[in-house]
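The values are calculated or read from the model by the stated rules, or taken from the named source; none is laboratory data. Predicted, not measured: the structure shown is a model, and the values here were computed from it. Every residue, glycine among them, receives a Cβ derived from its backbone with ideal geometry; neighbour counts consider all protein chains shown.
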Amino acid sequence: MTQPSPRLSALVVARNEQDRLPDCLASLAFADEVVVVLDRTTDASADIARRHGARVIEGGWELEGERRNAGLAACTGDWVLEVDADERVEPALAAAIRRTVADSPFAWHQVRVDNYVGDRLVRHGWAGSFGTTSVPRLSRRGAKRWRAQRVHPGLDWTGREGPRIEEGALVHLVDRDISDMLRRLDKYSSARAADLIAAGEIGTLAGNLRRFASRAFKSYVARRGYREGGWGVLLALCTGAFPLLSYLKAKLEPEKHGGRR
């Protein structure tokens with residue numbers, strides 16, 4: 001007797017993304033189910049998601065890990081593909097994902113990412129918490145759990161990792177321009193400062209200065225950011241600055257990030 005094909009859920013977690021959501025959802029038409037989790041959203045995202053046939057869950061979550069876990073719990077497929085509103089699944093990747101879930105013995109897989117700043121594809125220099133060229137987005141239901149953190153939460157896994165899916169890519173519209181990149185650095189470092197304060201361990205100035213140097217070197221040299229010209233310099237600076245800015249905000253302005261002087 002023929003076994004039924006595994007069902008695939010696509011999960012999108014967003015907040016006020018009415019401009020980017022339509023193209024994102026259109027690229028997920030190959031999934032058997034689309035779940036959209038909207039966090040404290042005040043724009044037309046809910047109506048847009050429903051028009052695309054998605055199941056919408058609305059609420060408010062302080063921590064990124066908590067809202068992502070709420071989305072994972074709402075998915076009913078055998079496999080879950082997580083996609084952000086500023087991402088699109090290329091047709092070649094969609095086909096590769098369907099083939100993977102049909103016969104993979106593994107619990108989760110990485111997918112390749114193409115990162116864009118405006119209209120420019122920036123292939124090199126992504127490192128640390130400021131960007132990556134591979135993400136673990138495809139997993140069996142129940143294999144993945146996000147940790148309770150505000151920005152770039154860690155992951156806990158059940159089961160074995162399979163080979164990375166190499167066909168196609170997840171197109172990530174990271175930043176619109178340089179100013180957008182700097183605003184993202186400010187937003188991420190503020191959220192990270194709150195996590196550091198909550199954990200009760202913000203680190204030291206000397207340690208974070210060393211991290212600035214090592215992360216910038218990794219971005220520009222080890223990850224070949226030098227091949228991107230000035231964009232590689234920008235990425236190296238932002239990648240190195242992220243932990244240092246997070247520390248300085250937690251140390252110098254704790255009252256702005258949930259702590260006390």
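In the stretch 197-226, what count of residues is obtained for those that are closer than 16 Å to Tyr247 by Cα, charged (D, E, K, R) and at pLDDT 95 or above? Qualifying residue count, the stretch 197-226: 3. Picking from Asp103, Asp86, which residue would you name as being surrounded by fewer than 21 Cβ atoms within 10 Å (Cβ to Cβ), more than 15 Å from Ala14 (Cα to Cα) and out of contact with any Ser or Thr (no Cβ under 7 Å at 6 or more places or on another chain)? When all the criteria are applied, what remains is Asp103. Taking residues in the stretch 10-38 that are over 17 Å from Trp79 (Cα atoms), and partners anywhere that are assigned to a loop (DSSP other than H, G, I, E, B) and hydrophobic (A, V, I, L, M, F, W, C), the pairs with Cβ atoms closer than 6 Å and at least 6 places apart or on different chains are Ala14/Ala85; Glu17/Ala85; Gln18/Ala44; Arg20/Ala85; Leu21/Ala85; Cys24/Ala85. Can we say Ser190 is under 29 Å from Pro254 (Cβ atoms) and surrounded by fewer than 16 Cβ atoms within 10 Å (Cβ to Cβ)? No, not satisfied. Candidates in the stretch 17-39 are the residues that are more than 18 Å from the chain's Cα centre (by Cα) and among the aliphatic types (A, V, I, L, M); of these, the one that is nearest to Asn69 (Cα to Cα) is Ala31. Only one of the numbered conditions (1) modelled with pLDDT under 95; (2) part of a helix (DSSP H, G or I); (3) of a type in the set (Lys, Arg) is not met by Arg260, and that is (2). Here Arg164, Arg140 are screened, and the one residue that is surrounded by fewer than 14 Cβ atoms within 10 Å (Cβ to Cβ), in the same structural domain as Cys24 (by TED's automatic domain parsing) and modelled with pLDDT of 95 or more is Arg164.
Here the stretch 111-132 is the region considered, the condition is being surrounded by 19 or more Cβ atoms within 10 Å (Cβ to Cβ) and part of a loop (DSSP other than H, G, I, E, B), and the residue that is modelled with the lowest pLDDT is Gly128. Scanning the stretch 197-231 for residues being part of a helix (DSSP H, G or I), within 22 Å of the chain's Cα centre (by Cα) and crowded, with 21+ Cβ neighbours inside 10 Å gives a total of 5. Does the stretch 53-60 contain at least one residue that is buried (at least 20 other Cβ atoms within 10 Å of the Cβ) and modelled with pLDDT of 95 or more? Looking for residues that are buried (at least 20 other Cβ atoms within 10 Å of the Cβ) and modelled with pLDDT of 95 or more, one finds at least one in the stretch 53-60, hence yes. For Leu209, the requirement of being farther than 23 Å from Glu66 by Cβ, without any contact (Cβ under 8 Å) to a residue 12 or more places away in the chain and outside the structural domain of Arg68 (by TED's automatic domain parsing) is not met. Listed conditions (1) of a type outside the set (Phe, Trp, Tyr); (2) closer than 24 Å to Val111 by Cβ; (3) surrounded by 17 or more Cβ atoms within 10 Å (Cβ to Cβ); (4) in contact (Cβ under 8 Å) with a residue 24 or more places away in the chain are all met by Thr41, apart from (2).
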